[in-house]
Amino acid sequence: MKRVWLFLALLVAVCLLPSCDDETHVVDDEGVVQLDGFRFLAGNNSFSLISDVECSLVGDSVIECLIPHIVESKMLVPSFDVRGGRLMAGGIEVMSDETLLDCSRPLELQLVGKKCSKNYLLKVKCFTGLPVVYIDTEDKAAITSKEEYVNAVIRVVEDIETRGAGDVFENPVKIKGRGNSTWTFPKKPYKIKFEEKVSLLGEPADKEWVLLANYPDKTSLRNKTAFEMGRMSSLDYTCRTHFVELVLNGEYCGTYQLGEQLKIAKHRVDVGDDGFLLEVDAKAAADDVTFRVAHINYPLNIKDPSVEVGSDAYNHVVQYLNEADAALFGADFTDPANGYAKYLDVESFVDWYLINEIAKNNDACFFSSCYMNLARGAKLKMGPLWDFDIAFGNVNYNGCDSPEGFWIKERAGWYARLFEDPAFVARVKERFAFFYELREDIYAGINADAAYLKYSVVENNNKWNTLYVHTWPNNTIWGSYENEVQSMKIWLEKRFEWLKGEFDRM
């Protein structure tokens, strides 16, 4: 992995004396206080380092270092030059080439002169800067099934950028395959399940989690971008994820997204103990509990909880969806009291629609991965968002490669009907303006995530060789990772502008 190491010259601004504010160095009775050349030398850290690591100044207060390989311990001895003062950590003087520092978490350093001082934060990252997830199956058993779990042990080593930086989590776990078309790719997605609820990477505790592979998405950012838009929206819940490196049975497997399994739970889809999570699911299995309504082309799959056909719970949700369908397609469907608004939570239907339409998500035309949730005594809501691998232009069929053209509005029967109501159209236009105004925030988020992954994507490509080649169902091949990210943003900007023109004309 190519590294560009920048020499660090820290000229310190005072934080104790007002006369030193906004200076690029500290001046006290002893003169200039200056720190130069912060680094970690392999000669002082022969177990942890293979070669010297130079650090760089990020902003005016962060000293950042990247060790280009995995290390088990970040107990390191720094080397540096101080003129006119001392370097302190936790009230103890740090001696160059002598003091052993615990760099497993961000470490506060203080450059101290006779009357002036300035705090800095030392961040030492390893390998790619992402947390590393180690999973070792019992007897190194291969994971070949989406139905049968394999016993394993998981070890999560958090790196400096994560919420609990430096923490190590280790626990027994079960693992199996997951996904539909994604399971057929060389880089496999997985589901993991614990016996007891656990918190991973600072998220609310639960038993069930997923490892998304993002194999067809060369940016690895499409799911993340859609989820961030979900957090901007009025949707009740959007899956929380973290990028990680996966090492399975001692083999590096690349960049993954460790995230929350969609399920009913207080911190996930919160519909109470007697609510429902549903999916419009053209790919439902024969043993799934499904039912049909008149104006949705594919089965509705009751994903959670487990119910039996003919049970009170089953009958309740089937009756509610059919009544909602009848109201939506009835003669008085726009009536606020007795039309579709009696059954559908309009705000969730609007925001779910817009995020998927903006992304031109191929499967979101009520085909698959279209989730709904229903709490008893409440209205039917759309969401959570899911599965954006073949969205944002990353598909070469159905016209979803083009940033022009409506997709969900014209192909999902419920939404086609909703657009016949001027009140619904007005709300869509209002909420689209909200997302349109947030375009720069969305692009900035994409840029930040791409920068965070800049080392990881190199290692991932070394493993899977997906850049510069066609991977189904890619529409284009832009070459470098940076080009792939830029192509996604260019497509998204064109999409925003096309939709704006169409909504303005409604």
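The values are calculated or read from the model by the stated rules, or taken from the named source; none is laboratory data. If you're wondering where the values come from, they're calculated on a predicted model, not measured in any experiment. Heads up, the Cβs are rebuilt from the backbone with ideal geometry, glycines too, and the neighbour counts pull from every protein chain shown.
One table, with the values for the structure above:
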item	result
Segment 142-169, subset among the small types (Gly, Ala, Ser) and assigned to a loop (DSSP other than H, G, I, E, B), residue modelled with the lowest pLDDT	Gly164
Which listed residue is modelled with pLDDT of 85 or more, surrounded by fewer than 19 Cβ atoms within 10 Å (Cβ to Cβ) and of a type outside the set (S, T, N, Q), from Ile50, Ile63	Ile50
Residue tally, condition charged (D, E, K, R) and surrounded by fewer than 16 Cβ atoms within 10 Å (Cβ to Cβ), over segment 479-499	4
Residue that is nearest to Phe185 (Cα to Cα), among those in segment 447-505 that are in a helix (DSSP H, G or I) and β-branched (Val, Ile, Thr)	Val457
Long-range neighbours under 8 Å by Cβ, at least six apart or interchain, first residue modelled with pLDDT of 95 or more within segment 343-357, second surrounded by fewer than 21 Cβ atoms within 10 Å (Cβ to Cβ) and acidic (Asp, Glu)	Tyr343/Glu323; Ser348/Asp236
Filter result (exposed (fewer than 15 other Cβ atoms within 10 Å of the Cβ) and in a helix (DSSP H, G or I)) within segment 391-411	Glu410
From Thr238, Thr225, residue being surrounded by 23 or more Cβ atoms within 10 Å (Cβ to Cβ), of a type in the set (Val, Ile, Thr) and touching a residue at least 60 places away in the same chain (Cβ under 8 Å)	Thr225
Residue count, segment 344-376 (criterion: buried (at least 18 other Cβ atoms within 10 Å of the Cβ), not hydrophobic (A, V, I, L, M, F, W, C) and not in a helix (DSSP H, G or I))	7
Conditions (1) under 12 Å from the mean Cα position of the chain (by Cα); (2) surrounded by fewer than 21 Cβ atoms within 10 Å (Cβ to Cβ); number of the one not met by Ala284	(1)
Failed item in (1) closer than 27 Å to Val458 by Cα; (2) touching a strand residue (DSSP E or B) at 6+ places or on another chain (Cβ under 7 Å); (3) not assigned by TED's automatic domain parsing to the domain that holds Met95, with Leu122 passing the rest	(3)
Residue list for segment 95-147, restricted to those being of a type outside the set (D, E, K, R) and at positive phi	Phe127, Gly129
Cβ-Cβ under 8 Å pairs, at least 6 apart or on other chains, segment 445-461 side in contact (Cβ under 8 Å) with a residue 24 or more places away in the chain and over 16 Å from His242 (Cα atoms), far side hydrophobic (A, V, I, L, M, F, W, C) and surrounded by fewer than 18 Cβ atoms within 10 Å (Cβ to Cβ)	Val458/Met1; Glu459/Met1
Residues of segment 76-125 classified as of a type outside the set (D, E, K, R), in a strand (DSSP E or B) and buried (at least 16 other Cβ atoms within 10 Å of the Cβ), total	18
